[in-house]
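Peer 1: One structure coming up, written as structure tokens, with questions to follow.
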Amino acid sequence: VINENDTVSVEEIKFGDNDALAAMVVDLVEADLLVILTDAGGVYTADPRKHADARRIPEIERVTASVEALAASGESDLGTGGMITKLRAARRASEAGVRCAILPGEPGMLGKLLAGEDVGTLVQALGERQRLRKRWMLDLKARGSLLVDDGARAALIERKKSLLPSGVREVHGTFLSGDPVEIATLDGRAFARGLAVYSADEVRRISGLRSAEIEGRLGYRLLDCVVHRDDLVVTA
């Protein structure tokens, strides 16, 4: 049994609810399916306790903001989370390449699911399963953010390159070398996360420079990039 203990948890390792914790355990045990039990019959188009015409959604291809909005008004009063936290956990698993079934916590439901019956809501996996290291990076709390130009964004997403200092336009937050940071467009839309090679102060000093100019500005050079490709995962 795995359960978050609110008494001893600290900010750096606090998950906030057991749904999020379950999604993380999926990686640790290399599970093929995440099953979340709930007091509801699955995900509905509206709160079935308040709307007689609410319909169960048997399958969700991708958990989007509009899908999360369906659950925002139908949360349970029990526990830390509700349907919204279950959908976010399902999204986390889905983005890792693992399907998630949200089922009513009733006897026999797991057997029906495994038999292929139409029960609850099945959230499909997005693409292939990600490496555990990259999933771990997504679970870490970002210590800051880097706003990059369109050229850098294209290099990261389309050409799968490292983030070079020349593409960094703004640095937010306080972080050290090795800390997780969000990578976002100039208007603040996060699309990737990675581990910083340099601290926030160092990145501010070298942002906009070519890699060959790093040593001249800092007096040393750790790597030619701000975030290495091996330590970066695209999230959008």
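Peer 1: Under the condition of being at pLDDT below 80 and aliphatic (A, V, I, L, M), which residue from segment 1-23 is nearest to the chain's Cα centre (by Cα)?
Peer 2: Checking each candidate, the answer is Ile13.
Peer 1: Residues to consider are Ala200, Ala155, Ala192, Ala196; find the one that is within 23 Å of Thr64 (Cα to Cα) and touching a residue at least 12 places away in the same chain (Cβ under 8 Å).
Peer 2: Unique residue meeting the criteria: Ala192.
Peer 1: Counting just the residues of segment 215-230 that are under 24 Å from Glu158 (Cβ atoms) and over 26 Å from the mean Cα position of the chain (by Cα), which one comes out surrounded by the fewest Cβ atoms within 10 Å (Cβ to Cβ)?
Peer 2: Of segment 215-230, the ones under 24 Å from Glu158 (Cβ atoms) are 223-230.
Pick out the ones that are also over 26 Å from the mean Cα position of the chain (by Cα) and you get 223-224.
Working: Leu223: 13, Asp224: 15.
Among residues in segment 215-230 that are under 24 Å from Glu158 (Cβ atoms) and over 26 Å from the mean Cα position of the chain (by Cα), the one surrounded by the fewest Cβ atoms within 10 Å (Cβ to Cβ) is Leu223.
Peer 1: Within the bounds of segment 146-168, is there any residue that is of a type in the set (Ser, Thr, Tyr) and under 16 Å from Thr235 (Cα atoms)? Before the answer, list the steps.
Peer 2: Of segment 146-168, the ones of a type in the set (Ser, Thr, Tyr) are 162, 166.
From what is left, the residues that are under 16 Å from Thr235 (Cα atoms) are 162.
Yes; the residues of segment 146-168 include at least one that is of a type in the set (Ser, Thr, Tyr) and under 16 Å from Thr235 (Cα atoms).
Peer 1: Additional query: Starting from residues that are in a helix (DSSP H, G or I), under 24 Å from Pro48 (Cα atoms) and not hydrophobic (A, V, I, L, M, F, W, C), keep the ones in segment 89-113 and report whichever is nearest to the chain's Cα centre (by Cα).
Peer 2: In the first step, residues of segment 89-113 are kept if they are in a helix (DSSP H, G or I); the result is 89-95, 109-113.
After this cut, where a residue has to be under 24 Å from Pro48 (Cα atoms) as well, the list is 89-91, 109-110, 112-113.
Next, from what is left, pick out any that are not hydrophobic (A, V, I, L, M, F, W, C): 91, 112.
Values: Arg91: 8, Lys112: 29 Å.
Only one residue fits best here, namely Arg91.
Peer 1: Run Ala184 past the list (1) more than 26 Å from Tyr220 (Cβ to Cβ); (2) surrounded by fewer than 20 Cβ atoms within 10 Å (Cβ to Cβ) and report the number of the one that doesn't hold.
Peer 2: Just one mismatch for Ala184, condition (2).
Peer 1: Go through segment 174-189 and report how many residues are polar (S, T, N, Q) and under 16 Å from Ala236 (Cβ atoms). Can you show your working first?
Peer 2: So in segment 174-189, the residues polar (S, T, N, Q) come out as 174, 177, 185.
Among the residues that remain, those that are also under 16 Å from Ala236 (Cβ atoms) are: 185.
Counting residues in segment 174-189 that are polar (S, T, N, Q) and under 16 Å from Ala236 (Cβ atoms) gives 1.
Peer 1: Going by what's in this entry, would Val197 be described as over 27 Å from Met24 (Cα atoms) and either of a type in the set (Val, Ile, Thr) or not assigned by TED's automatic domain parsing to the domain that holds Arg229 (or both)?
Peer 2: no
Peer 1: So, one more: Quick one: in segment 166-214, which of the residues that are hydroxyl-bearing (Ser, Thr, Tyr) and in a helix (DSSP H, G or I) is farthest from the chain's Cα centre (by Cα)? Don't jump to the end; show me each part of the working.
Peer 2: First, pick out the residues of segment 166-214 that are hydroxyl-bearing (Ser, Thr, Tyr): 166, 174, 177, 185, 198-199, 207, 211.
Next, from what is left, pick out any that are in a helix (DSSP H, G or I): 166, 211.
Working: Ser166: 27, Ser211: 30 Å.
That would be Ser211.
Peer 1: State all residues of segment 63-90 that are of a type outside the set (A, V, I, L, M, F, W, C) and modelled with pLDDT of 90 or more; if no residue qualifies, say none.
Peer 2: Lys86
The values are calculated or read from the model by the stated rules, or taken from the named source; none is laboratory data. What you see is a predicted model; the values in this text were computed from it and never measured. Heads up, the Cβs are rebuilt from the backbone with ideal geometry, glycines too, and the neighbour counts pull from every protein chain shown.
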